[in-house]
Amino acid sequence: DVERSRGLGDVYKRQVFFLNLLLMKKYTFILSLFLAWSANSQDLKKYKKLYPNDDVIRLQQEIVLHIKLDNGTFSIKKDVFEEDLYLNNSANYNSKRSLSYATFFNLDTIEASSFSLQDDTYTENKVTNFNKKNNLNDSFYDDSKELSFIYPKLAKGSKTQLKLQYSIKNPRFLNAFFFGDFYPVIRNKVTIIADKDIELIFKPFHLENAPKITFKKKKKGKNYEYTWSQLNSEKFDIEADAPSYRSILPHIIPIITSYKENNETKKLLDGVGGLYSWYYSLVENINKEDTDPELEALVAELTKGKASDLEKVKALYYWTQKNIKYIAFEYALGGFIPREANDVFQKKYGDCKDNSSILYKMLEIAGLEGNLTWIGTRKIPYTYEEVPTPAVDNHMILSYEYNNKTYYLDATGRYIQIDYPSSFIQGKEALIANGKSYKIKKIPVISAHLNTITDSTYLKISGRDIIGSSQTKLSGYLKNNLFYNLENTRKEAAVKELYNKRFSKGSNKFLITSFTEENKFSYEEDFLVRYNFTIQDYVQNIGSEIFINPHINNSIAGIKTKKDRKYAIEFDYKKQYSYTNTIEIPEGYTVSYIPTSVSLGTELLSVNLSYSKVNNTLVCQQDVVFNFINLSVAAQQKVNAIIEQTEKAFKEVIVLQKK
């Protein structure tokens with residue numbers, strides 16, 4: 001057990017030890033050794049019984065963080081050890097492993113091995129081939145790299161061991177330590193060994209969701225040693241559309257607030273002010289060189305004749321969105337320092353900071369003032385007060401104040417109207433630069449009525465088929481998302497296929513025959529699509545009666561959650577649908593049955609269905625408002641109850657009787 005707990009998998013060492021015992025003829029020790037040796041092969045049976053529905057468990061996870069201080073200079077090393085056991089034949093699907101690292105979080109050493117179980121013994125297979133590549137997939141920390149490798153000969157009963165050492169080059173970049181994961185963890189231990197002159201605090205999150213965690217602090221020579229230990233952590237389930245794992249998994253975030261140098265206390269991250277001071281030191285000297293004359297001429301041309309400052313900002317903002325391509329590429333402090341506006345203008349590309357830099361400069365040229373703004377996307381659930389470190393944000397935008405309103409300008413996006421922030425920063429805090437001081441403001445969540453689909457459809461019955469014509473108007477984020485798809489869909493046949501999916505009505509036999517578009521790629525005008533379509537075999541004719549379901553738009557599809565769901569569910573934005581379906585009554589028929597109007601709802605979801613006869617038509621009106629972007633488990637049950645009632649109402653049909 002001691003040997004297994006240390007993660008040793010070297011069969012050769014065990015065999016030598018066994019031989020020595022034989023030579024010593026210590027038979028009682030031979031029996032003890034046999035039991036300890038065979039215990040390794042018994043792991044599979046033991047844990048398969050304990051975790052019958054799991055593919056893999058983590059036997060051990062240990063992290064040791066060494067923080068040293070030498071004359072004001074930090075040396076930070078992070079040692080990681082992981083040992084996993086694979087419980088079934090799906091082990092081979094876990095053979096590929098990848099790790100991310102970056103300039104400020106460098107991977108110094110790696111050792112990886114798999115252990116094949118055969119004849120009740122483990123044989124080690126060392127990994128010898130490691131592949132490195134750049135990993136450009138974020139808006140802020142874009143110097144990340146990826147190292148990948150394959151564990152050889154993984155099968156049922158196999159184990160893997162991974163030993164890593166990282167160097168953390170900046171004391172502001174201490175990562176979170178997690179207690180629990182999306183698989184069971186048998187033993188988990190985190191140790192921080194820090195120089196006594198380093199002041200640390202620890203921010204806990206969701207520890208109430210974890211089995212008992214023991215914490216110990218002790219002085220050891222010139223260091224303080226902090227240790228967290230945990231046994232038998234059950235897995236956390238993976239659920240679709242759940243908030244970020246940081247909102248679910250128990251973890252702590254260590255923060256170095258200050259340190260002593262020559263008996264003098266030096267502040268590092270002592271609250272939001274400490275974080276902002278560092279951020280501001282990185283940006284206060286940008287854009288000091290002479291402005292490119294071509295950039296000045298462009299600003300003059302774009303703002304010429306604009307009636308107000310806001311109209312000028314719109315012109316500059318929309319130009320930047322259209323013409324500066326977003327590319328994430330950063331190294332070292334370049335992940336935090338914006339490039340010069342002149343460079344961005346000449347190259348016509350940049351990351352979030354570069355887009356903010358050129359927009360900041362363009363406003364300045366026009367005699368206007370913007371403010372660089374740091375912000376975290378909704379993947380990061382912390383406030384600046386909770387975690388005043390670079391872990392709290394991963395994005396940069398520009399803020400602009402006009403008539404007591406703050407506009408949040410994200411030039412990395414496309415087709416984003418000035419009144420809308422990017423959807424993925426709604427509800428988050430923004431750290432706004434104001435010289436050497438700062439402001440924190442909360443990004444608004446855009447109202448549902450500003451993200452709408454308004455659809456008006458006229459339907460004719462032709463035998464068992466429907467012949468229809470619609471005009472669908474989209475605004476806000478719903479419009480933006482469709483524009484993103486259309487941007488890479490140019491051929492008419494491909495566009496028609498896209499509209500067949502987006503505007504689908506009635507059944508999978510919905511087919512658009514022709515369409516026209518208005519205000520395509522417009523920033524401020526609603527997008528309008530007119531189209532003709534057919535739906536085959538939608539109408540039922542029985543004797544002298546026609547049965548037709550007027551609810552050809554399933555606005556609630558995909559919203560209902562499972563009753564046993566454990567976590568909140570997150571959506572991109574609030575939205576509102578309004579569908580008006582007008583059915584022409586065929587000649588020679590009269591209305592025999594119209595469903596009763598329905599009005600359902602809470603503050604989260606409202607549904608209104610109404611029916612009326614107008615001349616020789618029947619008008620079915622459907623209005624649905626989704627007034628949420630995040631639903632707790634309790635809120636899901638309320639919404640589900642409304643959806644279930646709506647589903648019943650959607651099954652109601654109109655009956656037409658032959659005269």
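Structure notes:
- Translational diffusion of region 430-534, estimated by Stokes-Einstein from the Kirkwood radius over alpha carbon pairs at 20 °C in a medium of 1.002 mPa s, is 133 µm² per second.
- A quarter of the convex hull surface defined by the alpha-carbon atoms of region 44-154 gives 9.8 nm² as the mean projection.
- Pairs of alpha carbons in region 143-219 whose separation is greater than 19 Å (percent): 59 percent
- Ellipsoid semi-axes in whole angstrom, largest first, where each is sqrt(5λ) of the Cα gyration tensor of region 282-387: 25, 17, 13
- Euclidean distance of C-alpha centroids, region 556-590 and region 400-466, integer Å: 22 Å
- Kirkwood-type hydrodynamic radius, region 54-115: 14.5 Å, calculated from all non-identical alpha-carbon pairs.
- By the Kirkwood approach, averaging reciprocal distances over each pair of separate Cα atoms, region 333-440 gets a hydrodynamic radius of 14.3 Å.
- Per DSSP, loop trypsin sites (Lys or Arg not before Pro) in region 235-307 with at most 15 further Cβ within 10 Å: LYS288, LYS304, LYS306
- Stretching the chain fully between LYS659 and GLN621 yields a gain of 11.1 nm (0.36 nm per residue, less the alpha carbon separation).
- Averaged over its residues, the chain has an accessible area of 48 Å² per residue, based on protein heavy atoms and a 1.4 Å probe.
- Dipole size of region 216-328 about its Cα centre, with +1 on Lys/Arg Cβ and -1 on Asp/Glu Cβ: approximately 900 debye, rounded to the nearest 20.
- In Å², nearest 10: area of HIS66 left accessible to a 1.4 Å probe: 60 Å²
- Separation of region 615-655 and region 249-325, taken as the distance between their Cα centroids, equals 45 angstrom.
- Computed over region 258-379, relative contact order equals 22 percent, with contacts defined as Cα pairs under 8 Å that lie 6+ residues apart.
- Within straight-line cross-link reach of LYS312, aspartates and glutamates at Cα separation under 17 Å, skipping those fewer than 8 residues along the same chain: GLU296, GLU301, GLU364, GLU369, GLU401, ASP410, ASP419, GLU524
- In a DSSP loop and with at most 12 other Cβ atoms within 10 Å, the GluC sites (Glu not before Pro) in region 569-659 are GLU587, GLU603.
- Note that the chain shows a convex hull volume over its alpha carbon atoms of 213 Å³ per residue.
- Loop-located GluC sites (Glu not before Pro) in region 335-410 whose Cβ has at most 15 other Cβ within 10 Å (DSSP): GLU369, GLU385, GLU386
- Take every Cα pair under 8 Å whose residues are at least 6 apart in sequence, average their separation, divide by the length of the chain, and the relative contact order is 9 percent.
- Spacing of the modelled spin labels on ILE440 and GLU545, each 7 Å from Cα toward Cβ, amounts to 6.4 nm.
- Built from the Cα atoms of region 530-584, the convex hull projects on average onto 7.2 nm², one quarter of its surface area.
- Here LYS212 and GLU264 are evaluated by their C-beta separation; at R0 = 41 Å the FRET efficiency comes out at 0.50.
- Cβ-Cβ FRET estimate between ALA240 and SER469, R0 fixed at 35 Å, reported to 0.05: 0.45
- Computed lengthening from ASN485 to GLN42, 0.36 nm per intervening residue step minus Cα-Cα distance: 154.1 nm
The values are calculated or read from the model by the stated rules, or taken from the named source; none is laboratory data. From a predicted model like this one, the values you see are computed outputs, not experimental measurements. When we count neighbours, we look across all protein chains shown, and the Cβ atoms used for this are built from the backbone with ideal geometry, even at glycine. The area values use the complete protein model at the heavy-atom level, side chains included, leaving out ligands, DNA and RNA. Shrake-Rupley method; radii C 1.70, N 1.55, O 1.52, S 1.80 Å.
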